[in-house]
Every structure is written in structure tokens, then in C-alpha cells.
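Just below is one structure, and these are the notes that go with it.
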Amino acid sequence: MKILTSPSLFAADLLNIEKEVKRTEEAGADTIHFDIMDGVYVPNISIGFEILAAVRSITDLPIDAHMMTVKPEKYIERLANAGADIITVHNDIACEDDIRAMLDEIHNYGLMAAIALKPRVPAEAVLPFLDLCDMILVMTVEPGFSGQSFMDMSDKIKTIKGYIGDRNISIQVDGGINPETASICAAAGANVFVVGSAAYRAESMKDTLDAVKSSAEKAYNA
Ligand code: DX5
Ligand code: ZN
């Protein structure tokens, strides 16, 4: 699988989103990770549909909407209209059948669908969704805030990689990712790297993303 970087805009300077999106493009990001929180599923509230649409209007980079909300099914159409390319829902917000219906609906809008697992959710949780998702997000922090310390989920990533087998499904990691932690996750089989504070607080975002990519490529292919 291709190694991709996905800066998490929530960690950017939100007073200057337009500049930050341009900086993200210039740094060579592959996609933009867009965190949507509702204050219910996670104890924080972040950025929403209007901002996503505004970001869409100034960039061609794919936008990955990470839904940290209850009832994300209510918002799939709005996300599609706002210009999201990928929608990620957490596995524990509904029963298996309802999650399958959501992933299906996301695909019906022509978007990519992903399932996310919090740190405490075991790898087996992805099994019912392997035929319906393009990406699996293994959270490496408790969702809700940027700038938290990385939790090593290598065993879970390896197990999921084994379940995926030959399928064309990416493994994304999100939380505390920098060149060192990206390498740990890539060695286990992750290929998409969400980078929040490490990217936006770096002196050179390009150097950081380049370093994430090269350390991940080395570890992934070792
Ligand atoms: C946390 C969010 C992340 C966060 C990542 O709940 O899902 O995307 O912004 O930020 P860092 O890389 O700083 O942990
Ligand atoms: Zn996220």
C-alpha cells in the first residue's frame, strides 16, 4: 500500500485556516484530516460542515472527515455536499447492521468509507466490516484532543493487517504521530498517517511530513 500523510487541521492555527490549508498543500500532504466532534461522543467540540465546505473551496486535496459524533448517519449527505471525500465512523456508535448501512450509504454517495476503533476496542471489531470499508482507523490516543501522547497499538495493527489479507484496505493511525511513532505503526502495517500537532507546530511542516513518510516507508517495507 502507498504511504500517505494526512495533517489534522484541528491542530492548525484556526485563526488562519486559509493560510494553514495552503501551508498543508505546500508541505506535500496527501490528504487533509478533518476532525468533527459533537461534545457527546467525545468531551470536546471541534469544527463542522461549514468550515469543511470553506476548506473544500480552496483546496483539491482529498478531505477525510473523522466523525467523532453519535448518529453520524444523520450527516452523511451534508458531508458529501460539503465536499468530503472520505467519511470515517467509529464502530461503537451503533449496532453492526446500522454501521454496515452507514458504510453502504457513504459508498452510495461515491465517497470512501472507513471504520475507526478507539484504543480499547479490540481488532476483531473490524471483522464484520471488511467487505464494506476502504480504510480502518486505529486510534493511537483517546479521541477528542490534539497533542496527546501516543499509545502503541502495534499488536492491534498487526492483527488487523492479517485480517485484511489481500484486500485493498488502508490502515490509518491517528494520535501522537511523529516520525518516530509513525515508524512503529508502519512496522506493524499502518500506511496512512494523521499528523496533528507534530505537523502544525513544527518549524517546517514539509520537513516533518517528509520525515514521517520516509521513516514510515522504511519501516513498512522492512
Ligand atoms: C484526536 C483527533 C486527531 C488529532 C490528532 O481525537 O482525532 O486527529 O487532531 O492530533 P495529534 O497528532 O496532535 O495527536
Ligand atoms: Zn482524527
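The values are calculated or read from the model by the stated rules, or taken from the named source; none is laboratory data. Since the structure is predicted, the reported quantities are computational estimates derived from the model, not experimental observations. Don't worry about glycine lacking a Cβ; one is built from the backbone with ideal geometry, like all the others, and counts go over all protein chains shown. Ligands, DNA and RNA are excluded from the accessible area calculation, which covers all protein heavy atoms including side chains. Shrake-Rupley method; radii C 1.70, N 1.55, O 1.52, S 1.80 Å.
Per residue, how large is the accessible surface of the range 1-67? Use a 1.4 angstrom probe and give square angstrom.
Working: 2830 Å² over 67 residues.
Ligands and nucleic acids excluded, the figure is 42 Å² per residue.
Can you list the HN-Hα couplings for the range 113-129, worked out from phi with the Karplus curve (6.51, -1.76, 1.60; θ = phi - 60°), rounded to whole Hz and with x for Gly and Pro?
These are the phi-based 3J(HN,Hα) values: 10, 9, 10, 10, 10, 5, x, 7, 7, x, 3, 4, 4, 7, 3, x, 10 Hz.
Determine the share of the chain's accessible area contributed by carbon and sulfur atoms, expressed in whole percent, with a 1.4 angstrom probe.
50
Once the dipole of the chain is set up with Lys and Arg at +1 and Asp and Glu at -1 on Cβ about the Cα centre, which of His90, Ala216, Thr59 lies farthest towards its positive end?
Towards the positive end, the residue furthest out is Ala216.
Can you list, largest first and rounded to whole Å, the semi-axes you get for the chain by taking the square root of 5 times each eigenvalue of its Cα gyration tensor? All intermediate terms of the calculation are to be shown ahead of the outcome.
Working: eigenvalues 107, 97, 47 Å².
Ellipsoid half-lengths, sorted descending, are 23, 22, 15 Å.
Taking the chain as a Gaussian network, Cα atoms linked when under 10 Å apart, which of Ile106, Ile184, Ile58 shows the biggest mean-square fluctuation?
Highest fluctuation among the options: Ile58.
Hey, what number do you get for the chain at 222 nm if only DSSP H runs of n ≥ 4 count, each worth -39500 (n - 2.57), divided across all residues, to the nearest 500?
On the way: 8 runs with 80 residues, N = 222.
After summing the helix terms and dividing by residue count, I get -10500 deg cm²/dmol.
Kindly state, as a whole number, the per residue volume in cubic angstrom of the convex hull around the alpha carbon atoms of the range 1-132.
Working: hull volume 15.7 nm³, N = 132.
Per residue, the Cα convex hull of the range 1-132 comes to 119 Å³.
Of Thr159, Thr31, Thr208, which has the largest mean-square fluctuation in a 10 Å C-alpha GNM of the chain?
Of Thr159, Thr31, Thr208, the most mobile in the Gaussian network model is Thr159.
Highest GNM mean-square fluctuation, the chain, Cα pairs closer than 10 Å: which of Cys185, Cys133, Cys95?
Of the options given, Cys95 has the highest mean-square fluctuation.
Need one number: convex hull volume per residue for the range 122-222, Cα atoms only, in Å³.
On the way: hull volume 9.7 nm³, N = 101.
Once divided by residue count, the hull of the range 122-222 is 96 Å³.
Here are some pairs, Lys71/Lys161; Lys74/Lys161; Lys2/Lys213; Lys22/Lys206; which of them have Cα atoms lying more than 20 Å apart in this structure?
Details: Lys71/Lys161 28 Å; Lys74/Lys161 30 Å; Lys2/Lys213 10 Å; Lys22/Lys206 12 Å.
Flagged as over cut-off: Lys71/Lys161; Lys74/Lys161.
With a/c under 1.5 counting as rounded, go ahead and sort the range 1-60 into rounded, prolate or oblate using the C-alpha gyration tensor (a ≥ b ≥ c being the square roots of the eigenvalues; past the cut-off, prolate if a/b is larger than b/c, else oblate). If you can, show how the numbers build up before the last one.
Details: a/c = 2.02, a/b = 1.37, b/c = 1.47.
Oblate, because a/c is 1.5 or more while a/b does not exceed b/c.
Taking a probe of 1.4 Å, how large is the accessible area per residue of the range 125-213, in Å²? Intermediate results must be reported in sequence, preceding the final value.
Details: 3440 Å² over 89 residues.
Ligands and nucleic acids excluded, the figure is 39 Å² per residue.
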